[in-house]
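Here's the structure we're looking at; comments come further down.
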Amino acid sequence: MGKYINPPNMTKERFLELNGVHCPFEPTWEQVTTCDSFPVCLVDNGEFKAAAIIDTEEELKRFSDPIDPRSKLWFMVHRDDLKPYLE
């Protein structure tokens with residue numbers, strides 16, 4: 001199972017609004033390895049939304065699967081802002 005953002009004092013959407021930069025497209029793994037941020041995928045699961053931190057190529061493939069019909073928004077978040085969720 002991957003790593004997810006679950007801030008104790010705000011919504012996931014608010015965390016991403018404050019700490020992320022919205023990406024209108026899915027990043028490539030090459031882009032991820034050349035910057036100081038990780039992609040975060042905000043996925044609508046129906047009953048709840050999940051904010052998945054994409055810190056491996058496998059996670060990127062899983063969340064970029066074109067067969068997955070869930071609504072997704074992509075953000076780039078600086079690695080320092082994700083430290084509490086990566087440990």
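Where a number appears in this text, it was derived from the coordinates with a stated rule and is not lab data. Values in this document were obtained by computation on a predicted structure and should not be read as measured data. A quick note on method: Cβ atoms are made from the backbone with ideal geometry, for glycine too, and the neighbour counts reach across all protein chains shown.
Of everything in the range 1-51 that's within 13 Å of the chain's Cα centre (by Cα) and of a type in the set (Asp, Glu), which residue is nearest to Phe63 (Cα to Cα)?
Among those residues, the one meeting the criterion is Glu26.
Hey, can you tell me all the residues within the range 16-33 that are without any contact (Cβ under 8 Å) to a residue 40 or more places away in the chain, in contact with a Phe, Trp or Tyr (Cβ under 7 Å, 6 or more places away or on another chain) and surrounded by fewer than 12 Cβ atoms within 10 Å (Cβ to Cβ)?
Correct list: empty.
Sort through Asp36, Asp44 and tell me the only one that's surrounded by fewer than 11 Cβ atoms within 10 Å (Cβ to Cβ) and acidic (Asp, Glu).
From the options Asp36, Asp44, the qualifying one is Asp36.
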